[in-house]
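J.: Handing you a structure now.
The values are calculated or read from the model by the stated rules, or taken from the named source; none is laboratory data. As the structure is a prediction and not an experimental result, all values here were calculated from the model. Methodologically, a virtual Cβ is constructed for each residue, glycine included, from the backbone with ideal geometry; neighbour enumeration extends over all protein chains shown. These accessible areas exclude ligands, DNA and RNA; they are computed on the full protein's heavy atoms, side chains included. Shrake-Rupley method; radii C 1.70, N 1.55, O 1.52, S 1.80 Å.
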Amino acid sequence: MIKIELTSSVTAVSRDDWDNLFGRNYPFTRYDFLLALEQGGSLGPQRGWVPQYAVARDTDNVIVAVMPWFKKTHSYGEYFFDWAFAEAYERYGFQYYPKLINAIPFTPCSGPRIGLADGYSASDLVPLIEAELTKQHDVSNLQCLYVTPELSKTLANDGWWQRFDIQFLWQNRDYRSFDDFLAALVSRKRKSIRKERRQVTEQGVTMKVLAGDELDEVFWQQFTRFYQRTYLKRSGHGGYLTPETLNLWGKHLADSIVVFAACREQQLVAASLCFRGQDTLYGRYWGCIEELEFLHFEACYYQGIEYCIAHGLAYFDAGAQGEHKLHRGFEPVLREGFYRFMPSPLNEAVEQFCGQERAAIQEHISTLAGVVPFKNKA
(Lines give C-alpha, C1' and ligand atoms only; values in the text may rest on other atoms or scores of the structure.)
Protein backbone atom coordinates (compact mmCIF):
# COMPACT_ATOMS: atom_id res chain seq x y z
CA MET A 1 0.00 0.00 0.00
CA ILE A 2 1.62 3.25 -1.18
CA LYS A 3 0.62 6.61 0.24
CA ILE A 4 1.09 9.77 -1.83
CA GLU A 5 1.46 13.16 -0.18
CA LEU A 6 1.97 16.57 -1.77
CA THR A 7 4.24 19.13 -0.16
CA SER A 8 5.07 22.73 -1.01
CA SER A 9 8.73 22.52 -0.02
CA VAL A 10 11.61 20.21 -0.79
CA THR A 11 12.50 20.46 2.92
CA ALA A 12 9.70 17.99 3.69
CA VAL A 13 12.20 15.39 2.49
CA SER A 14 15.72 15.10 3.88
CA ARG A 15 18.61 16.01 1.61
CA ASP A 16 19.99 12.47 1.84
CA ASP A 17 16.65 10.84 1.00
CA TRP A 18 16.08 13.16 -1.96
CA ASP A 19 19.55 12.80 -3.44
CA ASN A 20 19.60 9.05 -2.85
CA LEU A 21 16.43 8.68 -4.92
CA PHE A 22 17.54 10.94 -7.76
CA GLY A 23 21.28 10.45 -7.53
CA ARG A 24 23.74 13.29 -8.06
CA ASN A 25 24.57 12.73 -11.74
CA TYR A 26 21.99 15.23 -13.04
CA PRO A 27 22.43 18.60 -11.33
CA PHE A 28 18.91 19.95 -11.76
CA THR A 29 17.15 17.42 -9.55
CA ARG A 30 19.65 17.78 -6.75
CA TYR A 31 18.14 18.87 -3.45
CA ASP A 32 20.23 22.03 -3.22
CA PHE A 33 19.35 23.14 -6.75
CA LEU A 34 15.64 23.14 -5.95
CA LEU A 35 16.12 24.45 -2.42
CA ALA A 36 17.96 27.50 -3.78
CA LEU A 37 15.02 28.22 -6.10
CA GLU A 38 12.69 28.10 -3.11
CA GLN A 39 14.77 29.93 -0.52
CA GLY A 40 15.97 32.48 -3.06
CA GLY A 41 12.42 33.52 -3.90
CA SER A 42 12.51 32.35 -7.53
CA LEU A 43 9.47 30.14 -6.82
CA GLY A 44 6.21 30.84 -5.05
CA PRO A 45 2.70 32.18 -5.71
CA GLN A 46 4.03 35.60 -6.68
CA ARG A 47 6.19 33.93 -9.34
CA GLY A 48 3.47 31.66 -10.67
CA TRP A 49 5.47 28.56 -9.73
CA VAL A 50 4.08 26.82 -6.63
CA PRO A 51 5.90 23.59 -5.69
CA GLN A 52 3.75 20.49 -5.23
CA TYR A 53 6.36 17.80 -4.71
CA ALA A 54 4.79 14.34 -4.77
CA VAL A 55 6.25 12.04 -2.12
CA ALA A 56 5.44 8.31 -2.11
CA ARG A 57 5.80 6.30 1.12
CA ASP A 58 5.44 2.58 1.72
CA THR A 59 3.63 0.90 4.60
CA ASP A 60 6.68 1.46 6.83
CA ASN A 61 6.59 5.19 6.03
CA VAL A 62 9.80 4.90 4.02
CA ILE A 63 10.04 7.31 1.08
CA VAL A 64 10.20 5.25 -2.12
CA ALA A 65 9.70 7.98 -4.74
CA VAL A 66 9.66 11.75 -5.20
CA MET A 67 8.42 13.68 -8.21
CA PRO A 68 8.70 17.48 -8.53
CA TRP A 69 5.47 19.14 -9.67
CA PHE A 70 4.61 22.83 -9.88
CA LYS A 71 1.25 24.53 -10.03
CA LYS A 72 1.44 27.18 -12.75
CA THR A 73 -0.69 30.25 -13.40
CA HIS A 74 1.16 31.08 -16.64
CA SER A 75 3.41 29.36 -19.19
CA TYR A 76 6.62 31.32 -18.78
CA GLY A 77 9.92 29.62 -18.00
CA GLU A 78 8.95 26.19 -19.38
CA TYR A 79 10.25 26.32 -22.99
CA PHE A 80 7.94 23.53 -24.14
CA PHE A 81 5.51 26.17 -25.33
CA ASP A 82 1.78 25.63 -24.92
CA TRP A 83 0.52 29.13 -25.71
CA ALA A 84 -1.66 27.75 -28.53
CA PHE A 85 -3.56 25.60 -26.02
CA ALA A 86 -4.02 28.51 -23.62
CA GLU A 87 -5.27 30.78 -26.40
CA ALA A 88 -7.73 28.17 -27.63
CA TYR A 89 -9.14 27.67 -24.14
CA GLU A 90 -9.56 31.43 -23.71
CA ARG A 91 -11.16 31.82 -27.15
CA TYR A 92 -13.83 29.25 -26.34
CA GLY A 93 -14.46 30.48 -22.82
CA PHE A 94 -12.65 27.75 -20.89
CA GLN A 95 -10.09 28.16 -18.11
CA TYR A 96 -6.60 26.91 -18.98
CA TYR A 97 -4.79 27.99 -15.81
CA PRO A 98 -3.90 26.71 -13.32
CA LYS A 99 -2.11 23.65 -14.63
CA LEU A 100 0.42 21.25 -13.07
CA ILE A 101 3.80 20.54 -14.63
CA ASN A 102 6.47 17.98 -13.81
CA ALA A 103 9.58 19.87 -14.87
CA ILE A 104 12.61 21.75 -13.61
CA PRO A 105 11.83 25.48 -13.44
CA PHE A 106 13.58 27.58 -16.09
CA THR A 107 15.62 24.54 -17.17
CA PRO A 108 14.77 22.98 -20.55
CA CYS A 109 17.23 20.09 -20.14
CA SER A 110 16.16 16.48 -20.50
CA GLY A 111 16.69 14.38 -17.43
CA PRO A 112 15.04 12.31 -14.69
CA ARG A 113 11.63 13.57 -13.54
CA ILE A 114 10.93 10.98 -10.88
CA GLY A 115 13.32 9.62 -8.26
CA LEU A 116 12.74 5.96 -7.42
CA ALA A 117 13.95 3.53 -4.79
CA ASP A 118 15.19 0.11 -5.87
CA GLY A 119 12.34 -2.23 -6.69
CA TYR A 120 9.88 0.50 -7.70
CA SER A 121 8.94 1.64 -11.19
CA ALA A 122 7.42 4.75 -12.72
CA SER A 123 4.67 2.63 -14.28
CA ASP A 124 3.52 1.62 -10.76
CA LEU A 125 3.79 5.03 -9.09
CA VAL A 126 2.97 7.69 -11.70
CA PRO A 127 -0.74 6.69 -11.90
CA LEU A 128 -0.99 6.95 -8.10
CA ILE A 129 0.67 10.36 -8.15
CA GLU A 130 -1.59 11.51 -11.00
CA ALA A 131 -4.66 10.46 -9.04
CA GLU A 132 -3.57 12.41 -5.95
CA LEU A 133 -2.70 15.52 -7.98
CA THR A 134 -6.09 15.62 -9.68
CA LYS A 135 -7.85 14.87 -6.39
CA GLN A 136 -6.26 17.84 -4.63
CA HIS A 137 -6.08 20.32 -7.53
CA ASP A 138 -8.66 21.55 -10.03
CA VAL A 139 -6.49 22.01 -13.13
CA SER A 140 -7.00 21.82 -16.88
CA ASN A 141 -4.04 19.55 -17.54
CA LEU A 142 -0.88 17.84 -16.29
CA GLN A 143 2.45 18.03 -18.16
CA CYS A 144 5.71 16.09 -17.91
CA LEU A 145 8.40 18.01 -19.78
CA TYR A 146 11.85 17.03 -21.11
CA VAL A 147 11.53 13.48 -19.84
CA THR A 148 13.93 10.56 -20.17
CA PRO A 149 13.16 7.64 -22.51
CA GLU A 150 12.22 5.48 -19.50
CA LEU A 151 9.48 7.83 -18.32
CA SER A 152 8.48 8.51 -21.91
CA LYS A 153 7.62 4.84 -22.39
CA THR A 154 5.56 4.77 -19.21
CA LEU A 155 3.54 7.86 -20.12
CA ALA A 156 2.98 6.79 -23.72
CA ASN A 157 1.73 3.37 -22.59
CA ASP A 158 -0.65 5.11 -20.19
CA GLY A 159 -2.20 7.21 -22.93
CA TRP A 160 -0.59 10.60 -22.29
CA TRP A 161 -0.34 12.77 -25.42
CA GLN A 162 3.20 13.16 -26.71
CA ARG A 163 4.79 16.33 -28.09
CA PHE A 164 8.25 16.90 -29.54
CA ASP A 165 10.74 19.75 -29.34
CA ILE A 166 14.01 20.11 -31.26
CA GLN A 167 17.21 21.00 -29.46
CA PHE A 168 20.84 20.97 -30.53
CA LEU A 169 23.40 18.80 -28.76
CA TRP A 170 27.17 18.66 -29.20
CA GLN A 171 28.46 15.09 -29.09
CA ASN A 172 32.02 14.13 -28.29
CA ARG A 173 33.28 11.54 -30.75
CA ASP A 174 36.50 10.88 -28.87
CA TYR A 175 38.06 14.15 -29.99
CA ARG A 176 41.58 14.72 -28.72
CA SER A 177 41.47 18.51 -29.05
CA PHE A 178 39.38 21.36 -30.43
CA ASP A 179 41.39 21.18 -33.66
CA ASP A 180 40.53 17.49 -33.86
CA PHE A 181 36.85 18.43 -33.64
CA LEU A 182 37.29 21.12 -36.31
CA ALA A 183 38.93 18.59 -38.59
CA ALA A 184 35.65 16.66 -38.64
CA LEU A 185 33.79 19.67 -40.07
CA VAL A 186 33.51 20.71 -43.68
CA SER A 187 36.14 23.26 -44.68
CA ARG A 188 33.82 26.27 -44.85
CA LYS A 189 32.51 25.80 -41.31
CA ARG A 190 35.96 25.05 -39.95
CA LYS A 191 37.32 28.32 -41.37
CA SER A 192 34.31 30.27 -40.10
CA ILE A 193 34.75 29.04 -36.52
CA ARG A 194 38.46 29.81 -36.54
CA LYS A 195 37.72 33.30 -37.83
CA GLU A 196 35.13 33.92 -35.09
CA ARG A 197 37.50 32.80 -32.35
CA ARG A 198 40.33 34.86 -33.75
CA GLN A 199 38.19 38.01 -33.84
CA VAL A 200 37.31 37.56 -30.17
CA THR A 201 41.01 37.46 -29.30
CA GLU A 202 41.74 40.47 -31.52
CA GLN A 203 39.24 42.51 -29.50
CA GLY A 204 41.48 42.06 -26.46
CA VAL A 205 39.40 39.35 -24.79
CA THR A 206 40.94 36.59 -22.72
CA MET A 207 38.90 33.61 -21.56
CA LYS A 208 39.15 31.91 -18.18
CA VAL A 209 37.60 28.65 -17.02
CA LEU A 210 36.47 28.94 -13.39
CA ALA A 211 35.30 26.13 -11.16
CA GLY A 212 32.48 26.76 -8.71
CA ASP A 213 34.79 26.99 -5.69
CA GLU A 214 36.71 29.84 -7.39
CA LEU A 215 33.65 32.10 -7.56
CA ASP A 216 33.42 34.70 -4.81
CA GLU A 217 30.71 37.14 -3.79
CA VAL A 218 32.05 39.80 -6.14
CA PHE A 219 31.71 37.43 -9.09
CA TRP A 220 28.09 36.63 -8.25
CA GLN A 221 27.26 40.33 -7.98
CA GLN A 222 28.81 40.91 -11.40
CA PHE A 223 27.14 37.88 -12.95
CA THR A 224 23.75 38.92 -11.57
CA ARG A 225 24.10 42.23 -13.39
CA PHE A 226 25.08 40.43 -16.60
CA TYR A 227 22.12 38.05 -16.31
CA GLN A 228 19.60 40.79 -15.57
CA ARG A 229 20.90 43.00 -18.37
CA THR A 230 20.59 40.19 -20.90
CA TYR A 231 16.99 39.41 -19.94
CA LEU A 232 16.05 43.08 -19.88
CA LYS A 233 17.33 43.50 -23.42
CA ARG A 234 15.76 40.29 -24.71
CA SER A 235 12.49 40.03 -22.79
CA GLY A 236 11.88 43.35 -21.06
CA HIS A 237 12.25 41.96 -17.54
CA GLY A 238 15.10 41.20 -15.17
CA GLY A 239 15.05 37.43 -15.53
CA TYR A 240 13.44 34.53 -13.70
CA LEU A 241 16.17 34.00 -11.13
CA THR A 242 16.73 36.20 -8.10
CA PRO A 243 20.21 37.24 -6.96
CA GLU A 244 19.60 35.18 -3.82
CA THR A 245 19.05 31.99 -5.85
CA LEU A 246 22.25 32.55 -7.82
CA ASN A 247 24.21 33.10 -4.60
CA LEU A 248 22.79 29.96 -3.02
CA TRP A 249 23.77 27.90 -6.04
CA GLY A 250 27.26 29.31 -5.73
CA LYS A 251 27.46 28.28 -2.09
CA HIS A 252 25.88 24.84 -2.23
CA LEU A 253 26.42 23.56 -5.78
CA ALA A 254 30.00 24.65 -6.37
CA ASP A 255 30.98 21.10 -7.33
CA SER A 256 28.56 21.24 -10.27
CA ILE A 257 29.27 24.75 -11.55
CA VAL A 258 31.61 25.73 -14.38
CA VAL A 259 31.96 29.31 -15.63
CA PHE A 260 33.54 30.57 -18.82
CA ALA A 261 34.56 34.13 -18.02
CA ALA A 262 35.58 36.78 -20.55
CA CYS A 263 37.96 39.54 -19.43
CA ARG A 264 39.05 42.67 -21.23
CA GLU A 265 41.66 45.05 -19.82
CA GLN A 266 41.61 42.84 -16.68
CA GLN A 267 37.90 43.48 -16.17
CA LEU A 268 35.15 40.85 -16.34
CA VAL A 269 32.91 41.76 -19.28
CA ALA A 270 30.91 38.58 -19.84
CA ALA A 271 30.36 35.11 -18.44
CA SER A 272 28.56 31.88 -19.25
CA LEU A 273 27.27 29.84 -16.29
CA CYS A 274 27.18 26.07 -16.82
CA PHE A 275 26.34 23.03 -14.71
CA ARG A 276 28.21 19.76 -15.01
CA GLY A 277 26.55 16.36 -14.80
CA GLN A 278 28.05 12.89 -14.95
CA ASP A 279 28.66 12.91 -18.71
CA THR A 280 27.12 16.22 -19.86
CA LEU A 281 27.91 19.90 -19.59
CA TYR A 282 24.78 22.08 -19.50
CA GLY A 283 25.02 25.67 -20.65
CA ARG A 284 22.41 27.63 -18.74
CA TYR A 285 22.88 31.40 -18.33
CA TRP A 286 24.88 34.05 -20.13
CA GLY A 287 25.33 37.78 -19.75
CA CYS A 288 27.64 40.64 -20.64
CA ILE A 289 28.17 44.36 -20.06
CA GLU A 290 29.92 45.00 -23.37
CA GLU A 291 28.70 43.86 -26.77
CA LEU A 292 31.67 42.33 -28.55
CA GLU A 293 31.45 40.50 -31.85
CA PHE A 294 31.29 36.70 -31.61
CA LEU A 295 31.88 36.74 -27.84
CA HIS A 296 28.58 34.98 -27.20
CA PHE A 297 29.62 32.09 -29.45
CA GLU A 298 33.03 31.86 -27.76
CA ALA A 299 31.72 31.90 -24.18
CA CYS A 300 28.59 29.82 -24.73
CA TYR A 301 29.71 27.29 -27.36
CA TYR A 302 33.41 26.98 -28.15
CA GLN A 303 34.66 27.15 -24.56
CA GLY A 304 32.15 24.48 -23.58
CA ILE A 305 33.24 22.21 -26.42
CA GLU A 306 36.87 22.59 -25.37
CA TYR A 307 35.94 21.83 -21.77
CA CYS A 308 34.07 18.65 -22.73
CA ILE A 309 37.01 17.43 -24.80
CA ALA A 310 39.51 18.19 -22.02
CA HIS A 311 37.40 16.51 -19.32
CA GLY A 312 36.09 13.56 -21.33
CA LEU A 313 32.43 14.57 -21.21
CA ALA A 314 30.21 12.96 -23.83
CA TYR A 315 27.76 15.81 -24.45
CA PHE A 316 27.39 19.57 -24.35
CA ASP A 317 23.79 20.75 -24.03
CA ALA A 318 24.11 24.48 -24.67
CA GLY A 319 20.47 25.40 -24.04
CA ALA A 320 17.12 25.55 -25.79
CA GLN A 321 16.40 26.51 -29.39
CA GLY A 322 18.86 28.12 -31.78
CA GLU A 323 19.36 26.60 -35.23
CA HIS A 324 22.52 28.70 -35.45
CA LYS A 325 24.08 26.04 -33.20
CA LEU A 326 23.79 23.62 -36.11
CA HIS A 327 26.53 25.46 -38.00
CA ARG A 328 28.86 25.21 -35.01
CA GLY A 329 28.88 21.45 -34.59
CA PHE A 330 25.70 20.89 -32.59
CA GLU A 331 23.36 18.21 -33.89
CA PRO A 332 19.53 18.20 -33.81
CA VAL A 333 17.88 15.91 -31.27
CA LEU A 334 14.26 15.31 -30.31
CA ARG A 335 13.04 16.12 -26.82
CA GLU A 336 9.74 14.90 -25.41
CA GLY A 337 6.89 16.31 -23.38
CA PHE A 338 3.70 14.52 -22.33
CA TYR A 339 0.25 15.93 -21.58
CA ARG A 340 -2.82 14.69 -19.76
CA PHE A 341 -5.84 16.92 -20.28
CA MET A 342 -8.89 16.81 -18.06
CA PRO A 343 -12.19 16.17 -19.90
CA SER A 344 -13.05 19.12 -22.15
CA PRO A 345 -14.85 19.77 -25.44
CA LEU A 346 -11.44 20.81 -26.81
CA ASN A 347 -9.70 17.50 -26.12
CA GLU A 348 -10.17 16.07 -29.60
CA ALA A 349 -8.74 19.22 -31.20
CA VAL A 350 -5.77 19.29 -28.80
CA GLU A 351 -4.96 15.63 -29.43
CA GLN A 352 -5.17 16.18 -33.18
CA PHE A 353 -2.87 19.20 -32.90
CA CYS A 354 -0.29 17.12 -31.00
CA GLY A 355 -0.30 14.46 -33.70
CA GLN A 356 0.09 16.95 -36.54
CA GLU A 357 2.83 18.80 -34.65
CA ARG A 358 4.78 15.56 -34.06
CA ALA A 359 4.70 14.74 -37.75
CA ALA A 360 5.86 18.24 -38.72
CA ILE A 361 8.72 18.23 -36.20
CA GLN A 362 9.88 14.78 -37.26
CA GLU A 363 9.98 15.97 -40.85
CA HIS A 364 11.87 19.11 -39.85
CA ILE A 365 14.49 17.27 -37.82
CA SER A 366 15.12 14.95 -40.78
CA THR A 367 15.80 18.04 -42.89
CA LEU A 368 18.14 19.49 -40.26
CA ALA A 369 20.03 16.21 -39.93
CA GLY A 370 20.79 16.44 -43.62
CA VAL A 371 22.67 19.72 -43.24
CA VAL A 372 24.91 19.00 -40.25
CA PRO A 373 28.35 20.45 -41.06
CA PHE A 374 30.35 17.24 -40.71
CA LYS A 375 32.36 15.77 -43.55
CA ASN A 376 31.02 12.31 -42.82
CA LYS A 377 27.37 12.72 -41.88
CA ALA A 378 25.97 10.09 -39.57
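J.: Rounded to the nearest percent, how much of the accessible area of region 208-345 (1.4 Å probe, protein heavy atoms only) is carbon and sulfur?
T.: 47
J.: Now for a different question. Rounded to a whole number, what % of the accessible area of region 108-205 do carbon and sulfur atoms account for, probe 1.4 Å?
T.: 46
J.: While we're looking at this one, here's another question. Quick check for you: with a 1.4 Å probe and neighbouring chains kept, what is the accessible area per residue of region 1-96, in Å²?
T.: Heavy-atom accessible area per residue stands at 44 Å².
J.: Counting every Cα pair in region 107-168, what percent are over 18 Å apart?
T.: Tail of P(r) above 18 Å: 40 percent of Cα pairs.
J.: Here is a follow-up. Return the distance in nm (one decimal) between the two label points of a simple spin-label model at residue 289 and residue 179, each offset 7 Å from Cα along Cα→Cβ.
T.: 3.6
J.: What is the sum of charges, Lys and Arg at +1 and Asp and Glu at -1, for the other residues whose Cβ falls under 11 Å from the Cβ of residue 229?
T.: Here the charged neighbours net out to +1.
J.: Subtract the Cα-Cα distance of residue 15 and residue 364 from 0.36 nm times their separation in residues, and report this length gain in nm to one decimal.
T.: Extending this stretch completely gives an extra 121.4 nm.
J.: Turning to a different aspect of this structure: Sort largest first and round to whole Å: the equivalent ellipsoid semi-axes of the chain, each the square root of five times a Cα gyration tensor eigenvalue.
T.: Equivalent ellipsoid of the chain: 36, 25, 20 Å, largest first.
J.: Please list, by residue number, every one of the chymotrypsin sites (Phe, Trp or Tyr not before Pro) in region 84-126 that is coil in DSSP and has at most 15 other beta-carbon atoms within 10 Å.
T.: 92, 94
J.: Now for a separate question. Just grab the label-to-label distance for residue 232 and residue 202, each label 7 Å out from Cα along the Cβ direction, in nm (one decimal).
T.: Distance between label points: 3.2 nm.
J.: Can you give the relative contact order of region 65-141 as a percent, counting alpha carbon pairs under 8 Å and 6+ residues apart?
T.: For region 65-141, the relative contact order is 41 percent.
J.: Working from Cα positions, state the angle (0 to 90°, nearest 10) between the long axis of helix 122-136 and the longest principal axis of the chain.
T.: Approximately 70 degrees, to the nearest 10.
J.: Which three extents, in angstrom, do the Cα atoms of region 205-311 have along their principal axes, listed largest first?
T.: For region 205-311, the Cα extents along the three principal axes come out at 36, 31, 26 Å.
J.: Follow-up question, since we're still on this one. Give the accessible surface of region 198-287 per residue, rounded to a whole number of Å², with probe radius 1.4 Å and ligands, DNA and RNA excluded.
T.: Value for region 198-287: 48 Å² per residue.
J.: Pop a pseudo-label 7 angstrom from the Cα along the beta-carbon direction at both residue 352 and residue 264 and give the gap in nm to one decimal.
T.: Going from the residue 352 label point to the residue 264 one covers 5.4 nm.
J.: Let me ask another. Loop by DSSP (not H, G, I, E, B), at most 14 other beta-carbon atoms within 10 Å: where is the longest site-free stretch of the chain for GluC sites (Glu not before Pro)?
T.: Here the longest segment lacking exposed loop sites spans 1-264.
J.: Let me check I've understood the local charge: for residue 278, count other residues with C-beta under 14 angstrom from its C-beta, Lys and Arg +1, Asp and Glu -1. What total comes out?
T.: Charge balance near residue 278 sits at -1.
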